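Working notes, structure below.
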Amino acid sequence: MSNWWSLKWNEMKKNKHSYVLLAPYMILFAVFTVLPVIMSMILSFTYFNMLEFPKFIGWHNYSRLFLEDDIFLIAIKNTILFAVITGPVSYIACFVFAWIINELTPKLRAFMTLVFYAPSISGNVFFIWLMIFSGDRYGIANGFLLKLGILMEPIQWLKEEKYILAIIILVQLWLSLGTGFLAFIAGLQTVDRSLYEAGAVDGIRNRWQELWYITLPSMRPQLMFGAVIQITTSLAVADVSIALAGFPSVNYAAETIVTHLIDYGTTRFEMGYASSIATILFIIMLGTNLIVQKLLRKVGE
């Protein structure tokens, strides 16, 4: 063990300039990311209302979550359904659009990248969808369907349970071409073009083989980064749900783990219970990321 520490210490001294440059980021990451996660996990075992000192209650918050809180079970179901649909679809869409746009001329590529990326960096764009799915006959969707004779009277799109989740999924997919999309564009730009020539010599005959055996393996870091971003986004849905369906939504049709967390953390101030919700979400995100990363390592094999 002493030899191991000695080797590590010598390696650190040898690369001390790198550690000095990394130190500011690592300190900020530890203070604002690692420490809050640890504190949240500790608070999840307490009763804490922000007025009194936290009181240790063991596993009570977790048993309450899964055995007494029916709304949390609805939130888990909605979140998983949302993630299963929007995560893979948006991830594939980001890559496909990036792959197509990468084949364009530089000026056209820059313009199309801005067009596809713009919705994710715009301000409050939800009012557009509120206009589309307005519940009166002046709403764009209702007006169009009434004009075609498909509807006889307007539908309350964002007030009827059976439509709410589907609409939120649609809007989230529209907003999904964000950071992951840019990462894929950047990754495609860095692929060594000589690899394609070498691949042609080795027997690669079409674009699909080029994609699987050259392009995707060459941009594994970007694929991993995009996967983390898409998983985090799909599991942390809240703004879209609140903006379109309200808070809370009708019969909790659009309730997600994060909206449930917001409810207990910022409305009821039950910080211990909110911390247990956050811990469950963290475990789900971590587990999903590990599974996806294992799958991505098999790309090109």
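Kirkwood radius for the chain, taken over all pairs of different Cα atoms as the inverse mean of 1/r, rounds to 22.8 Å. Highest mobility in the GNM of the chain, judged by mean-square fluctuation with C-alpha springs under 10 Å and restricted to V34, V191, V20, is found for V20. Projecting the Cα atoms of L130, I242, L22 onto the charge dipole of the chain (Cβ charges, centred on the Cα centre) puts L22 farthest toward the positive pole. Neighbours of I71, meaning other residues whose beta-carbon lies under 14 angstrom from its beta-carbon, give a summed charge of -3 when Lys and Arg score +1 and Asp and Glu score -1.
The smallest convex shape that holds all Cα atoms of region 1-98, its convex hull, gives 263 Å³ per residue.
The alpha carbon gyration tensor of region 147-262 gives principal lengths a ≥ b ≥ c with a/c of 1.5 or higher and a/b greater than b/c, which makes the shape prolate.
Each of the peptides 196-208, 63-75, 46-58 was scored by the mean count of other Cβ atoms within 10 Å over its residues; in descending order, highest first, they stand as 63-75, 46-58, 196-208. Here region 77-147 is treated as a Stokes sphere of Kirkwood radius computed over C-alpha pairs; at 10 °C and 1.306 mPa s its diffusion coefficient rounds to 105 µm²/s.
Fewest neighbouring Cβ atoms within 10 Å first, the residues T232, T256, T113 line up as T232, T113, T256. Take the Kirkwood radius over Cα pairs of region 174-235, plug it into Stokes-Einstein at 37 °C and 0.692 mPa s, and you get 259 µm²/s for translational diffusion. Note that region 40-86 carries a Kirkwood radius of 12.3 Å, evaluated over its alpha carbons pair by pair.
Note on F181, F282: ascending count of other Cβ atoms within 10 Å places them as F282, F181, the fewest first.
Region 147-167 and region 50-75 have Cα centres spaced 36 Å apart. Using the average count of surrounding beta-carbon atoms within 10 Å as a protection proxy, the listed peptides 26-32, 138-144 rank, highest first, as 138-144, 26-32.
What do you get for Rg/Rh over region 201-301 if you use C-alpha atoms and the Kirkwood form of Rh? Ratio value, two decimals: 1.20. Amide H to amide H, with H built 1.01 Å from N, T46 comes under 5 Å of I57, counting only residues 5 or more places away or on other chains. Using C-alpha pairs under 8 Å with a sequence gap of at least 6, the mean separation divided by the residue count of the chain gives a relative contact order of 27 percent. Beyond 26 Å, what share of the Cα-Cα pairs of region 31-163 remains, rounded to the nearest whole percent? For region 31-163, the fraction of Cα-Cα distances above 26 Å is 60 percent.
Each value in this text was obtained by applying a stated rule to the coordinates, not by laboratory testing. Remember, predicted model here, so these are calculated numbers, not experimental data. Note: ideal-geometry Cβ built from the backbone for every residue, glycine included; neighbour counts use all protein chains shown.
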